[in-house]
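Chemist: Once you've had a glance at the structure underneath, I'll fire off some questions.
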Amino acid sequence: MEREKSLGSSQPQESAELDALFRLEQARVLYGSAFLSNLVVVFVSVLLALYFDSLLPMESTLVWLVPINLMVMARLLTVWAYRNYRAKFATVDFWVGIYVSLTALVGLGWGLVAWELLSILQLQGNPGGVMMVVLVVAGMITAGVHVLAVSSVAATFYILPAPIIIALQFYFSSPDGLSHIVFMMLAYSLFMTTVVSKQNRTLRANFLLQYEKEALIKSLQQAKSTAESANAAKSSFLAKMSHEIRTPMNGVLGMAELLMESGLNERQRHFAQTIKRSGGSLIHLIDDVLDFSKIEAGRLELELQSVNLRHLIEDAVELLADRAYRKGLELTAVLPSNLHNHFRCDSVRLEQVLVNLLGNAIKFTQVGEVVLELEVMQLSENEARLSFKVIDTGIGIDAGNQQRIFKAFTQSDGSITREYGGTGLGLNISNQLLGLMGGKLKVESELGRGSCFHFDLRLNIERETFYPEPALDEDLLNRRLLIVDDNATVCGYLMNQISALGLSVDIAKNGSQALSMLNTAADMGNPYDIAMLDRQMPGASGAVLARMINEKPALAATRIVILSPLNQQLSQGHRIKISLKTPP
């Protein structure tokens, strides 16, 4: 009951406020359009006086011409007073009342004009003049409706006097012959007042709609401002808390590393490694939250500098090489052989994106390979377009989830989080970082067939740090090299890079094919100078194949290079010193 009472009391209050606002709008429209409408009254009255100058005595014309123009001058004076003193003197109702009163006098003036002129014209037997007066007065009334409809009172007082006076004049002067004109004028008055009433309701409804629209816009702007403030406060809180948590976590990681270097038994070392690994995961999560909060708060700015792109990519791959090796995956970076330029970009953020994409690819790939490809297209002397691709042979993403994964805290499937871990922030952050750099992260994938994440960046070439073309080692020119690797991607990349150095390159897919090719080349008197062997191959490993090659006298001249994963060292027994020059 109390709530109903409060609602009932608030509705009249709101209605009163709207009425007050509408009265303000009435005053604004009435006084805003008064200048032009009054000039029209003056112009028409003068033309009408000139038209009847030869037909009527001067006194008859001045009787109505002077008063109607005096009323016009009074209305114009009121307009001047309203514009200059409305805020200091009287109320809105006062100003509207003054204008309505003067408007009623003008309407009455047109009625007196009609009475005076019609009386004389009918005595003269001038039906053309009679029709002229009726049409002019009716036209002036009709023209005033549009301006005065905002105030139904003003419009009514302006409309009614003249038609009623004309009807009475015709009635008294010719009660028998012209009675139909009386009814026409009365019907005209009724019709015009009905039009005014409808137009007034329409204007009021439009005003209320505009008021509600403006109020809604203001409310939405306030809500938007409140939401932005809350979001900024949230982002600021996240950034501060992330920083505060990161500091002690770095201490935990540092102490765990020092602990691992002390004399621990195997069980204790396992515990210390778990602490370090868990702390590292937490640091990674904190970094993601910190970046996310900075981006959301609009406080993340790029630091552009000259970057050796080859070194940046190699560092990103090296950072994840051990993780790929532990899962038995091939991790390869395929770069153009002529990549000799420095580029201007934010190296930290670009490496962060690449590490995130490579890390995701390794995480969601159980068997096969992860490849980072780079293509460079020079657009002008100082600008190039770089196309990055991270391709994996992992679990893939179905078409319905390929856009969801770019949203914050989202992965393609809830079970993915449980099985593989992660927050779902990495791709969102990477995409927003690329957006700051002028790129956009895209994905092509098929469930069960791997994924390809790719993006393009337009970067400026740093000419002052332009790499000169590397001088080819004359000792390598025209040398023959055999690559032995079961991975076609690695073979293609090595062949492209090594051929650029002036060597002749062939490829073997496994140990047996390599031995056959090596023996055939030696028998033909054109042996291979170098055999580049993958350490991990099905069948004979690189180390086993190297031993078999060394045991054959016909292949003694072939030097051996074993490709070992980054961060993995060969045992002392498997190391072979390579030299293509004859020792002194």
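Chemist: Report the accessible area of LYS327, computed with a 1.4 Å probe over the heavy atoms of all protein chains in place, in Å² rounded to the nearest 10.
Modeler: 70 Å²
Chemist: If you don't mind, there's one more thing I want to ask. Show me the ranking of peptides 357-364, 90-97 by mean Cβ neighbours inside 10 Å, starting with the highest.
Modeler: 357-364, 90-97
Chemist: Right, next: Of LYS234/LYS363; LYS363/LYS440; LYS224/LYS294; LYS218/LYS294; LYS294/LYS442, which sit over 25 Å apart, Cα to Cα? Mind showing how you got there, number by number?
Modeler: Values: LYS234/LYS363 31 Å; LYS363/LYS440 22 Å; LYS224/LYS294 20 Å; LYS218/LYS294 29 Å; LYS294/LYS442 23 Å.
Flagged as over cut-off: LYS234/LYS363; LYS218/LYS294.
Chemist: In nanometres, what is the gap between the two model label sites at PHE172 and GLN273, each 7 Å from Cα along Cα-to-Cβ?
Modeler: Here the modelled spin labels are 12.0 nm apart.
Chemist: Taking K and R as +1 and D and E as -1, what net charge do the other residues with C-beta under 13 Å from the C-beta of VAL334 add up to?
Modeler: Neighbourhood net charge equals -3.
Chemist: If you take the square roots of the eigenvalues of the alpha-carbon gyration tensor of the stretch 261-342 and sort them as a ≥ b ≥ c, do you get rounded (a/c under 1.5), prolate (a/b over b/c) or oblate? Spell out each step's value before the answer.
Modeler: Values: a/c = 2.73, a/b = 1.32, b/c = 2.08.
The shape class here is oblate.
Chemist: Amide H of ALA333 versus every other amide H placed in the peptide plane: which residues, excluding those fewer than 5 positions away on the same chain, fall under 5 Å?
Modeler: LEU372
Chemist: Which of the peptides 329-338, 195-204 is most tightly packed, and how do the rest follow, going by the mean number of other Cβ atoms within 10 Å of each residue?
Modeler: Per-residue Cβ counts within 10 Å, averaged per peptide and sorted highest first, yield 329-338, 195-204.
Chemist: Given bins 5 angstrom wide, list per bin the percent of all Cα-Cα distances in the stretch 14-68, short to long.
Modeler: 4, 17, 16, 13, 10, 9, 8, 8, 7, 4, 3, 1
Chemist: Here's a follow-up. Amide H neighbours of ARG479 under 5 Å, at least 5 residues apart or on other chains, H built in the peptide plane: list them.
Modeler: So ARG479 has HN proximity to SER504.
Chemist: Another question, if that's okay. Using only the heavy atoms of the protein chains and a 1.4 Å probe, how would ILE295, ILE98 rank by accessible area, largest first?
Modeler: Order by accessible area, largest first: ILE98, ILE295.
Chemist: Turning to a different aspect of this structure: In nm, to one decimal, how far is the LEU319 label point from the LEU70 one, both placed 7 Å along Cα→Cβ?
Modeler: 9.3 nm
Chemist: Between the stretch 29-93 and the stretch 477-554, how many Å separate their Cα centres?
Modeler: The two parts, judged by their Cα centres, are 107 Å apart.
Chemist: Could you order TYR325, TYR158, TYR85 by accessible surface area, starting with the largest, using a probe radius of 1.4 Å?
Modeler: TYR85, TYR325, TYR158
Chemist: I'd like the accessible area for LYS218: 1.4 Å probe, protein heavy atoms, all chains in place, Å² to the nearest 10.
Modeler: Its accessible surface works out to 120 Å², give or take rounding.
Chemist: What FRET efficiency do you get for LYS213 and SER281 if R0 is 41 Å and r is their Cβ-Cβ distance, rounded to the nearest 0.05?
Modeler: Values: r = 52 Å, r/R0 = 1.26.
Given R0 = 41 Å and the Cβ-Cβ separation, E is 0.20.
Chemist: Per-residue counts of other Cβ atoms within 10 Å, averaged by peptide: what ranking do you get for 519-530, 20-31, highest first?
Modeler: 20-31, 519-530
Chemist: I've got another one for you. Taking θ = phi - 60°, what integer Hz values does the Karplus form 6.51 cos²θ - 1.76 cosθ + 1.60 yield along the stretch 443-453, in sequence order, with x for Gly and Pro?
Modeler: 9, 10, 7, 9, 4, x, 10, x, 9, 9, 9
Chemist: Note down the accessible area of LEU186, probe 1.4 Å, to the nearest 10 Å².
Modeler: For LEU186, solvent-accessible area is about 80 Å².
Chemist: Further question: Quick check: with the 1.4 Å probe, what order do MET140, MET548 take by accessible area, largest first?
Modeler: Ranked list, largest accessible area first: MET548, MET140.
Chemist: Mark the label point 7 Å from the Cα of ALA87 along Cα→Cβ and return the residues of the stretch 26-53 whose backbone N is within less than 12 Å of it.
Modeler: The answer is none, because no backbone nitrogen lies closer than 12 Å to the label point.
Chemist: Using each residue's phi in the stretch 503-513, evaluate 6.51 cos²θ - 1.76 cosθ + 1.60 at θ = phi - 60° and report the 3J(HN,Hα) Karplus result to the nearest Hz, with x for Gly and Pro.
Modeler: 8, 8, 10, 10, 10, 10, 8, 7, x, 5, 5
Chemist: So, one more: Determine, from the Cβ-Cβ distance of GLU244 and VAL544 and an R0 of 60 Å, the FRET efficiency 1/(1 + (r/R0)^6), rounded to the nearest 0.05.
Modeler: Efficiency for this residue pair is about 0.65.
The values are calculated or read from the model by the stated rules, or taken from the named source; none is laboratory data. Model, not experiment: these values are computed from the prediction. Positions of Cβ are backbone-derived with ideal geometry, glycine not excepted, and every protein chain shown enters the neighbour counts. Please note that ligands, DNA and RNA were not included when accessible areas were found on the heavy atoms of the full protein model with its side chains. Shrake-Rupley method; radii C 1.70, N 1.55, O 1.52, S 1.80 Å.
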